2 protein chains.
Amino acid sequence: MKRGMPDMNKKIIIIGSVALDSIKTLYGERKEILGGSATFSSLSASMFNRNVTIVAVIGEDFPKKYLGLISSRGIDLSGLEIVKGGKTFRWAGDYCENPGSPKTIYTHLNVFKDFNPVVPCGMRKTPFVFLANIDPDLQDMVLKQMKSPELVLCDTMNYWIMSKKKALLKLIGKTDIFLLNDGEARMLSGENNIIKAAKFVISRGAKAVIIKQGAHGAMYFTKSSSFSAPAYPLEADVCDPTGAGDTFAGGFMGYISSQRKITETVMRRAICYGTIMASYAVSDFSVNALLKAKRNNVEKRFREFSDFTRF
Amino acid sequence: MKRGMPDMNKKIIIIGSVALDSIKTLYGERKEILGGSATFSSLSASMFNRNVTIVAVIGEDFPKKYLGLISSRGIDLSGLEIVKGGKTFRWAGDYCENPGSPKTIYTHLNVFKDFNPVVPCGMRKTPFVFLANIDPDLQDMVLKQMKSPELVLCDTMNYWIMSKKKALLKLIGKTDIFLLNDGEARMLSGENNIIKAAKFVISRGAKAVIIKQGAHGAMYFTKSSSFSAPAYPLEADVCDPTGAGDTFAGGFMGYISSQRKITETVMRRAICYGTIMASYAVSDFSVNALLKAKRNNVEKRFREFSDFTRF
């Protein structure tokens, strides 16, 4: 197999949210645009691998055009439950005061309140599992349905660290790679030093931890190695950071799943591809820029990124 | 010449401050300890090159043991003026509230108020010039005394951007590499995007710009290239960040001046050595940890740093 070409045998399954976001940034305001962790991550992963399934829930009010948009990238929606008469998960955030950390205006869980995620029978042997940011109990429910996955990546956020820390700590031990941002890593570990925070996550049973650092890139730690990648140097303004972390994770999983073997180099390159995918996502609202990205431009950015970090 | 060995012919001259700092951090409080931009940068540069001269001013009250400490590293003090009956420059800062940005308790310029820097005659042909953080008018006075230097590095801080912007903008055009942190780059350029901020500095006449990012390392830009280095991953706690930027600059100049030719690779490696030198400085108060650092340990950190960033 040629490096970078999708391997049709290696499937990815993603559990996460499909949402309607209302966003205000310094660059404008948008109401009820396509969002959600499963949306951003699956579209990002589809750049490298067309075998992506999502497990999520929406209400009957979810716009058909958005469904068409997701499935146009070949993403399998057989695990997407549509609740009759239900309302889709909604989130509203305002980035105007602090572009790095939005103020939540509202979170309406709606159909997520009673969500009982079911992995379609034919998908339970999917080798690559991404537990995108969602209630850790739901992440665990999905993981229990999977049959010996090759790689489990698990994301989370400050909300779950505060409200479901115990469940989250238990979940860490069942994942291969745990993903969180620097503030969350400090919050979860109680350590101010980021390396100590990473060691804490590994001590809880994850084989590796990726610490997202927003505009400063990402760090990766295992018991025996560490790696740091900056963010892709974007001269365009960051229009809307929503979904950047999910896009990172999707690109990471997409690239890894397209490779013959998971080596340390593949892991490191996957982090670089993740940050490059995120560089598209943030340059427009919703998934607009992500959908316009072309593989040859991704590879061009990867070469620029290599030069940007080489010494 | 073996790479990394000091070249005895290439001298460095540093204009900056020699100060008495009173510092409060989460790790303790120290009164009237050795500080100043010329102190940190010259000691850091001396790791790579023993031919370092400083041009600075102190009062008669300056402790002899501190002078001995600086000269014990072979630093030439012939350009250090001692003002009879004068009081040494003093700065007091408190890092407790925000470890990334200290609150200034007081700044007593003292002997710096009437400082008229004179480069000793024999030093005016020194090829490597570091205009450390100090009044841009004093930096310019020193630069005017130098005879066709090979490389001029110029640092500054927010205080001068606010109070002497015009002088600073003029100075940029006379320097090869302009050094400032990300907040200062945004303040000076009026650009929020860091790449646009870097381009602004280059448009004002600098051949290159280095943007320090504190715990996130440093970026380097020329008209045709860009480079990013993370900070050295330090598991030890950051005890006192005072002088980290000066130590970075000193390590950068020290390494470059020890190399046969200034190439793009040398520039990039110099940035890495700069961040590594800074990793020592921050782990203790004043220059304590910097003085304990050994060259073989610096090289060990450089190898670790290479592995930390390679993909």
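The values are calculated or read from the model by the stated rules, or taken from the named source; none is laboratory data. Just so you know, these numbers come straight off a predicted model, no measurement behind them. Every residue, glycine as well, gets a Cβ built from its backbone with ideal geometry; the counts of neighbours run over all protein chains shown.
General remarks:
- Given (1) touching a residue at least 60 places away in the same chain (Cβ under 8 Å); (2) surrounded by fewer than 19 Cβ atoms within 10 Å (Cβ to Cβ); (3) in contact with a strand residue (DSSP E or B) (Cβ under 6 Å, 6 or more places away or on another chain), number of the condition residue A:222 does not satisfy: (1)
- Residue match in segment B:75-85 (condition: in contact (Cβ under 8 Å) with a residue 24 or more places away in the chain, surrounded by fewer than 20 Cβ atoms within 10 Å (Cβ to Cβ) and in a loop (DSSP other than H, G, I, E, B)): yes
- Looking only at residues in segment B:201-214 that are within 12 Å of chain A (Cβ to nearest Cβ) and at negative phi, the one that is surrounded by the fewest Cβ atoms within 10 Å (Cβ to Cβ) is B:213.
- Residue A:92 satisfies every condition listed in (1) in contact (Cβ under 8 Å) with a residue 60 or more places away in the chain; (2) in a loop (DSSP other than H, G, I, E, B) except (2).
- Considering A:264, A:299, the condition of being closer than 30 Å to residue B:301 by Cβ and modelled with pLDDT of 95 or more is satisfied by A:264 alone.
- Filter pass, residue B:184 being farther than 26 Å from residue B:95 by Cβ and either more than 9 Å from chain A (Cβ to nearest Cβ) or touching a residue at least 24 places away in the same chain (Cβ under 8 Å) (or both): no
- Being assigned to a loop (DSSP other than H, G, I, E, B), surrounded by 24 or more Cβ atoms within 10 Å (Cβ to Cβ) and in contact with a Gly (Cβ under 9 Å, 6 or more places away or on another chain) holds for only one residue in A:242, A:247, and it is A:242.
- Qualifying position, being over 17 Å from the mean Cα position of the chain (by Cα) and on the phi > 0 side of the Ramachandran plot, among A:68, A:74: A:74
- Just one of the listed residues (B:270, B:249, B:281) is more than 27 Å from residue A:200 (Cα to Cα) and away from chain A (no Cβ under 12 Å), and it is B:249.
- Filter pass, residue A:256 being within 16 Å of the chain's Cα centre (by Cα), within 14 Å of chain B (Cβ to nearest Cβ) and either under 23 Å from residue A:133 (Cα atoms) or of a type in the set (D, E, K, R) (or both): yes
- From the list A:116, A:133, A:98, the one residue that fits, being assigned to a loop (DSSP other than H, G, I, E, B) and touching a helix residue (DSSP H, G or I) at 6+ places or on another chain (Cβ under 6 Å), is A:133.
Yes/no matrix, rows are residues, columns are (1) modelled with pLDDT of 95 or more; (2) more than 13 Å from the chain's Cα centre (by Cα); (3) buried (at least 24 other Cβ atoms within 10 Å of the Cβ); (4) closer than 21 Å to residue A:253 by Cα:
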position: A:3; (1), (2), (3), (4): no, yes, no, yes
position: A:7; (1), (2), (3), (4): no, yes, no, yes
position: A:11; (1), (2), (3), (4): yes, yes, no, yes
position: A:14; (1), (2), (3), (4): yes, no, yes, yes
position: A:29; (1), (2), (3), (4): yes, yes, no, no
position: A:33; (1), (2), (3), (4): yes, yes, no, no
position: A:38; (1), (2), (3), (4): yes, no, yes, yes
position: A:45; (1), (2), (3), (4): yes, no, yes, yes
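- Looking only at residues of segment B:284-311 that are of a type in the set (Val, Ile, Thr) and under 19 Å from the mean Cα position of the chain (by Cα), we find that the one that is farthest from the other protein chains (Cβ to nearest Cβ) is B:287.
- With respect to (1) in a strand (DSSP E or B); (2) out of contact with any Lys or Arg (no Cβ under 7 Å at 6 or more places or on another chain); (3) of a type in the set (Phe, Trp, Tyr), the lone exception for residue B:227 is condition (2).
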